[in-house]
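Undergrad: Take this structure first; my questions come after.
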Amino acid sequence: MSRALHLAGFLIASHVTHSHAAWRHPGSETDYLGPGYYRRVAQTLERGKFDFLFFADLLATPVRYGNDIRVPLRSGTQASATIDPSLVAASLANVTDRLGLAITKSTTYFHPYEVARIFATLDHLSAGRAGWNVVTSLNQAEAQNFGLDNHLGHDERYDRAHEFLEVALKLWGSWDPGALVQDKASGVFADPDKVHVVDHEGTWFKTRGPLTVPRSPQQRPVLIQAGSSSVGKDFAARWAEAVFEIDPTPEGRRAYYDDIKSRASNFGRNPDDIKIFPSFVPFVGETEMIAREKQAFHNELADPVSGLITLSVHTDHDFSQYDLDAPIEDVVVPGTQGLFDVARRLSIRDNLTLRDIGKLYAQGVLLPQFVGTPAQIADEIEAGFRGGEADGYILSAAQAPGTFDDFVDLVVPELQRRGLFRTEYTGTTLRDHLELGPANLRPAPRAVAAAAG
């Protein structure tokens, strides 16, 4: 078929992913501080011919809910313990051959030179399989870990992020093709006429350059984003080549898909150059009844307060001050606005209390759960793929590595049988897997074309 489905796996370098119940599940492994766990997941996804493995990241122990770290640590909520995903990804480059490796780095708490160097290095070590999930970070606790009293405002963070990406592209482009000569006979290591200083001085950043890392196989990492506010969606439409999305409803996913593609056109980009990846949690069984038993067992392990702790982290708003058995209140949140909008929409639609939302959040941060036999789950994926919801899907685990094993062993063959998904890799780089053209080192203009005209 002319349009191919894409698949990715989701992890945090941690004991949990979206599911807060995952670490308590008897089928989950808990050796997340060592290399074996990540190697097993990555090799399973590569066996399933997945496009990439995606690592989210947070930079602070949860403290926003009631200004207390004791309950998050006791409960093992998201981000209560994590390790650096860039080092995990580098270790995986040596035990995989084709799987893309995408990691999260913040434009708010790092410098473009450091981040450009990390991703150019990872792209070399992985022979062209690096991806960067660009985030602006979430909350005050992260600011305090980096010596700042206050987290930047929402729009300021995105303004800084735009300049960050502009600088990073200049640094990745500071080595021309062919600049690295390494001619032993002549003694010429590099052609100085093909290596350029950057001399960037802007509102947020100043750097001289050039980057110390020669041009990498993809020239730069594949850029991934998860914009959910209007400003965030514009950022994704300008920069992203893959977009990670959370919405539990088909109508919400269709609306998001259309919105991002339309915004991309407004920036003068081909909408096909942005792949939209909603995420989901699968429960696969030999029969639908077995699958639903797996789902029920997992969901019962989810603690509503743990979910509200993470909702508070994501939105940078303290939900401990509200009645758990009352409807969710319409409040302004400074953090991730899109997820809160989804929570509020679900609360209104289904008459849910804050406790209900906390339970859903603990079960999977509002991700939809696809439940059934391999054919039934393939039906849901195919319907969304053909129905204008997705170019691909990101798989998040209810238990690890078991969820990934079940999906690769049972669902992937069904998708392949239907001609939806590859049976072999046809390229070597992450750009190849995503069917993207050569990397562009020149950004789209900041002004939306429609507005500028």
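The values are calculated or read from the model by the stated rules, or taken from the named source; none is laboratory data. The structure displayed is predicted, hence computed values, not measured ones. A quick note on method: Cβ atoms are made from the backbone with ideal geometry, for glycine too, and the neighbour counts reach across all protein chains shown. Areas reflect the complete protein model, heavy atoms only, side chains present, ligands, DNA and RNA absent. Shrake-Rupley method; radii C 1.70, N 1.55, O 1.52, S 1.80 Å.
Undergrad: Taking the options Ala116, Ala56, Ala60, name whichever one is buried (at least 20 other Cβ atoms within 10 Å of the Cβ) and in contact with an Asp or Glu (Cβ under 9 Å, 6 or more places away or on another chain).
TA: Ala60
Undergrad: How many of the residues in region 347-403 are assigned to a loop (DSSP other than H, G, I, E, B) and among the charged types (D, E, K, R)?
TA: 2
Undergrad: Among the helices (runs of 4 or more DSSP H) contained in region 248-325, which hold 3 or more residues that are over 29 Å from Ile69 (Cα atoms)?
TA: 250-266, 288-300
Undergrad: Considering only region 159-170, I want to know if a residue exists there that is part of a loop (DSSP other than H, G, I, E, B), in contact (Cβ under 8 Å) with a residue 40 or more places away in the chain, over 15 Å from Phe110 (Cα atoms) and under 28 Å from the mean Cα position of the chain (by Cα).
TA: Within region 159-170, none of the residues are part of a loop (DSSP other than H, G, I, E, B), in contact (Cβ under 8 Å) with a residue 40 or more places away in the chain, over 15 Å from Phe110 (Cα atoms) and under 28 Å from the mean Cα position of the chain (by Cα).
Undergrad: Return the pairs, sorted by first residue and then second, in which the second residue is open to solvent by less than 30 Å² (accessible area, probe 1.4 Å) and assigned to a loop (DSSP other than H, G, I, E, B), the first residue lies in region 21-35 and is touching a residue at least 24 places away in the same chain (Cβ under 8 Å), the beta carbons are less than 6 Å apart, and the residues are 6+ apart or on different chains.
TA: Ala21/Ala302; Ala22/Val16; Ala22/Ser28; Trp23/Val16; Trp23/Gly76; Ser28/Ala400
Undergrad: Can you name the condition, by its number, that Arg215 falls short on among (1) in a loop (DSSP other than H, G, I, E, B); (2) touching a strand residue (DSSP E or B) at 6+ places or on another chain (Cβ under 6 Å); (3) surrounded by fewer than 23 Cβ atoms within 10 Å (Cβ to Cβ)?
TA: (3)
Undergrad: Here is a follow-up. Looking only at region 240-298, filter to residues that are among the charged types (D, E, K, R) and under 18 Å from Leu223 (Cβ atoms); which one of those is most open to solvent (accessible area, probe 1.4 Å)?
TA: Of region 240-298, the ones among the charged types (D, E, K, R) are 241, 245, 247, 251, 253-254, 258-259, 261, 263, 269, 272-273, 275, 286, 288, 292-294.
Keeping just the survivors that are under 18 Å from Leu223 (Cβ atoms) gives 241, 245, 261, 263, 269, 272-273, 275.
Numbers: Glu241: 10, Glu245: 8, Lys261: 24, Arg263: 42, Arg269: 48, Asp272: 99, Asp273: 61, Lys275: 24 Å².
Going through the qualifying residues, I end up with Asp272.
Undergrad: Name the helices (runs of 4 or more DSSP H) wholly within region 4-97 that hold at least 1 residues that are touching a helix residue (DSSP H, G or I) at 6+ places or on another chain (Cβ under 6 Å) and within 30 Å of Gly387 (Cβ to Cβ)?
TA: Of the helices (runs of 4 or more DSSP H) lying wholly inside region 4-97, those with at least 1 residues that are touching a helix residue (DSSP H, G or I) at 6+ places or on another chain (Cβ under 6 Å) and within 30 Å of Gly387 (Cβ to Cβ) span 35-47.
Undergrad: Conditions: (1) under 24 Å from the mean Cα position of the chain (by Cα); (2) open to solvent by less than 10 Å² (accessible area, probe 1.4 Å). Phe319 meets all but one. Number of the miss?
TA: Phe319 satisfies all of (1) under 24 Å from the mean Cα position of the chain (by Cα); (2) open to solvent by less than 10 Å² (accessible area, probe 1.4 Å) except (1).
Undergrad: Restricting attention to region 326-338, which residues are of a type outside the set (Gly, Ala, Ser), part of a loop (DSSP other than H, G, I, E, B) and more than 18 Å from Asn351 (Cβ to Cβ)?
TA: Val331, Val332, Val333, Pro334, Thr336, listed by residue number.
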